[in-house]
Each structure stands twice: as structure tokens, then as C-alpha cells.
Amino acid sequence: MTGPPVAIVTGAGRGIGAAVVRRLSADGWAVIAVDRCADDPGVPYPLAHPRQLAELAESLPKVHAVQADVRDRAAIAGAVELAEQDYGRLDAAAAAAVILGGRPVWELSDQDWDTLVEVDVTGVLNLVRAAVPSLLRMPDPRHGRFVAVTSAAAHRGLWGLAGYCAAKHAVLGLVRGLACDLRGTGVAAVAVSPGSTRTDMLRATADLYQLADPDDFAGQQLVGRLLEPAEIAEVVAWACSSAAAALTGSALHADGGFSG
């Protein structure tokens, strides 16, 4: 098929998701950039603003902004349909929409838990449901990628973040099971697990830990510094590329040695 490769990226309004959009665009991809772009009563810190998503799309070629909540299965399906209508294909899907749930697990309210699981886990599942059939519609020999941004929390426990750890462990399990379901299709599923990365969500984590500066998390990582969203985006973009054809069911630890 002719034309640029096409990806859909959720959580694209800022942070790692926005960095993934920029990296894929720089590599010549067309991107459907999706974000809720609205605050949520179940999230105790501000989320991305519509302006951030719009400015991202306006600054890059072949990037289409879609304001949609990953919890809305029909809206995510509509974003995938947009990729097929505009470009006739979908080559990769990157699930980067995430929220933080921070407090001792026994203190989580039903709303805390439901919001965390619905965004961080069901949101990924909704992208799987919409994107994977599209990836499988590509003709043989196909090369499709589903990449979920998880976390070092998918591999270890973290104080005050038991609910978040549970959600990220679930996403990792989902990716590994999805890879098995995709066996022999030419479509792969991969997880990318960042460490402490300079994002708005890390600022919220610092507030939870009563730290004045998110840079205080740098000591957890062997590199001795926070990671930048662009560094995680490099790994996600590579996982979306044909260079990563040997990977499926894998977790790439882009964590600066946090879990090492």
C-alpha cells in the first residue's frame, strides 16, 4: 500500500503521549492524536487542555487531533475509522492515556478505583478492540504493532500507589495475552515501561510523596536523573517500527535502571 504509515496515539495531549506523536511525525508517520482534554472529578490534578492537543496537531504535518475519552468505546472506534477513511490503513496503535491513583489501597474510594481501572486498563482494552481488527485488515505480509505504555509500576510495588500498580500489572498481562492471541498474524503487542519521567503526572506523584521537586525521584534510577518524554517516545516509536519485528509479548524497560 502507498502513503505514510499511520498510527493512533491515545493520551496525546501532553507528556509521553504528545512526545510519541512528535516522534512518529518526525519519522514520516500520519497520526491520529487522541486525548480527553478535560479534567475529571475522579482525578485530583489537572489533565490536558484542548489547546495543548490542538497546538500539537497544528504544529505537525499529517497529525489529526481527536478529542475523545478512552473510556468511550464508540469514540475510540470512531478515531480508528478516521484513520482508515483518511489514509486507508492503520499500522500501529500506541496506548499512552493514563491517570495516577495515589493513596493507601484500603483508602481508595469506589470512584478512585473505578476511574483508575476504567482509564488505565479498560481504556487500553477499548483501543485493542478498535485498533486490532483494523491492523488485521492489512494485507499479508502485514506488520502491525500494538504498543501500551505501562510503567515500572507494572513490575514492582510502589508506596502509596497500590491501585496504580494493580492497573499497570493488568495492562502488562493484557499485552502478553494479546500477543498470544495475535500469534502468526504479523501483528505484535509490546509494552514500554518508563521510569520516573518529567511529566505533569510525575508532578502529581511528587505532591503525593510531599516532595517539593519531582527531581527528587532521580535517585531511584541508575542514570541519576529524570527521563524526558522524548526519550520514552524514542522507544515507543522503535517498537512501532519494522526494526522491532523480533519483539512481541515483551516489556521494554525504558526506566533508566529504576527496576534494575
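Taking the criterion of being open to solvent by less than 10 Å² (accessible area, probe 1.4 Å) and more than 22 Å from Arg14 (Cα to Cα), the only residue of the stretch 222-244 that qualifies is Ala244. Of all the criteria given as (1) part of a helix (DSSP H, G or I); (2) exposed (fewer than 15 other Cβ atoms within 10 Å of the Cβ), the one not satisfied by Leu211 is (1).
Residues that are of a type in the set (Asp, Glu) and free of Cβ contacts under 8 Å to residues at least 12 places away in the same chain were ranked within the stretch 99-138; the one that is farthest from Cys180 (Cα to Cα) is Glu107. Among the helices (runs of 4 or more DSSP H) confined to the stretch 68-149, the ones with at least 2 residues that are under 19 Å from Val21 (Cα atoms) are located at 73-87, 123-136. Take Ala33 and decide whether it is out of contact with any strand residue (DSSP E or B) (no Cβ under 7 Å at 6 or more places or on another chain) and under 24 Å from Glu118 (Cα atoms). No.
Given the condition in a loop (DSSP other than H, G, I, E, B) and under 26 Å from Met138 (Cβ atoms), answer yes or no: does some residue in the stretch 31-54 qualify? No, the stretch 31-54 contains no residue that is in a loop (DSSP other than H, G, I, E, B) and under 26 Å from Met138 (Cβ atoms). Residues that are out of contact with any helix residue (DSSP H, G or I) (no Cβ under 7 Å at 6 or more places or on another chain) and touching a residue at least 60 places away in the same chain (Cβ under 8 Å) do occur in the stretch 63-81. Looking across Ala246, Ala206, Ala218, Ala254, one residue alone is aliphatic (A, V, I, L, M) and touching a residue at least 40 places away in the same chain (Cβ under 8 Å). It is Ala254.
For the stretch 157-195, filtering for residues that are polar (S, T, N, Q) and open to solvent by 10 Å² or more (accessible area, probe 1.4 Å) leaves 1. Quickly run through the stretch 72-91 and pick out the residues that are crowded, with 18+ Cβ neighbours inside 10 Å and over 12 Å from Ala130 (Cα atoms). The answer is Tyr87, Arg89, Asp91. Scanning the stretch 159-204 for residues that are of a type in the set (Ser, Thr, Tyr), within 13 Å of Ile99 (Cβ to Cβ) and not in a loop (DSSP other than H, G, I, E, B) turns up just one, Tyr164. Which residue is modelled with the highest pLDDT, if the candidates are limited to the stretch 126-153 and must be out of contact with any Lys or Arg (no Cβ under 9 Å at 6 or more places or on another chain) and open to solvent by 50 Å² or more (accessible area, probe 1.4 Å)? The extreme case among them is Pro133. Name the residue that is most open to solvent (accessible area, probe 1.4 Å), counting only residues in the stretch 15-30 that are outside any helix (DSSP H, G or I) and touching an Asp or Glu at 6+ places or on another chain (Cβ under 9 Å). Filtering first and then ranking leaves Trp29.
Take the residues in the stretch 92-122 that are of a type in the set (Gly, Ala, Ser) and within 28 Å of Gly186 (Cβ to Cβ); name whichever of them is surrounded by the fewest Cβ atoms within 10 Å (Cβ to Cβ).
The extreme case among them is Ala92.
The values are calculated or read from the model by the stated rules, or taken from the named source; none is laboratory data. This structure is a prediction, so every number in the text was calculated from the model and none was measured. Don't worry about glycine lacking a Cβ; one is built from the backbone with ideal geometry, like all the others, and counts go over all protein chains shown. When the accessible area is computed, the model is the full protein with side chains, heavy atoms only, and any ligands, DNA or RNA have been set aside. Shrake-Rupley method; radii C 1.70, N 1.55, O 1.52, S 1.80 Å.
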